[in-house]
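**Student:** Sharing a structure here in structure tokens format.
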Amino acid sequence: MVDSSAIEVNRRRRRAKSDGLDVRKLLNMLMRYAHGERQVWQVVKVPSVEAEDHRHLHRDLETLKQERARTTTRIQGLLSSQGLRVTSLTKLPEQREALRLWDGSPIPPGLRRRVLRVYAHHTFLIRTAVSFASFILTTSVERRLNTAPLGAGSTEMMQDHPLHV
């Protein structure tokens, strides 16, 4: 399959557009490629179904990380709108009662509920990302064991797949 935008055209001149002209141009490009001119177009290697499925795990993990960062920013933004700052979200449940507005009054109940809802979602994302990362690591190691030559060390396999959660 050839992308129609890959057909070479002179960009400064007007060009007649027809299927016959495109076929001639594509055949010319195919012959050039067959004779060794590799810059005519790029050959795309379609991944196997298994490889593409494995990529989806990594994409899901990246999405979870981005969503976790958004919830962190959202919590910090909600609190900073009231002049509050939390150094670490891991200590938020313990600090919740100690958080006071500038005048010493407690956080309004609506804001407190919203922060707790977002925090619950944040902790869910962390747990899910950790389980995804361990699953990806396990499946990667299993795949490497099934395809690795005998005597391949497990520490080498772990270094090939660094995951940052």
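**Student:** Quick one: in segment 1-33, which of the residues that are of a type in the set (S, T, N, Q) and modelled with pLDDT of 70 or more is surrounded by the most Cβ atoms within 10 Å (Cβ to Cβ)?
**Tutor:** Checked segment 1-33; the qualifying residue surrounded by the most Cβ atoms within 10 Å (Cβ to Cβ) is Asn28.
**Student:** Which condition from (1) over 28 Å from the mean Cα position of the chain (by Cα); (2) more than 30 Å from Ile7 (Cα to Cα) is the one that Arg32 breaks?
**Tutor:** Going through the list (1) over 28 Å from the mean Cα position of the chain (by Cα); (2) more than 30 Å from Ile7 (Cα to Cα), Arg32 breaks only (2).
**Student:** Would a scan of segment 43-54 turn up a residue that is outside any loop (DSSP other than H, G, I, E, B) and of a type in the set (A, V, I, L, M)?
**Tutor:** Yes; the residues of segment 43-54 include at least one that is outside any loop (DSSP other than H, G, I, E, B) and of a type in the set (A, V, I, L, M).
**Student:** Select, from Ser80, Ser88, Ser48, the only residue that is surrounded by fewer than 11 Cβ atoms within 10 Å (Cβ to Cβ), among the polar types (S, T, N, Q) and over 24 Å from the mean Cα position of the chain (by Cα).
**Tutor:** From the options Ser80, Ser88, Ser48, the qualifying one is Ser88.
The values are calculated or read from the model by the stated rules, or taken from the named source; none is laboratory data. Everything numeric here is computed off the predicted structure, so don't read it as measured data. FYI the Cβ positions are ideal-geometry reconstructions off the backbone, even for glycines, and counts take in every protein chain you see.
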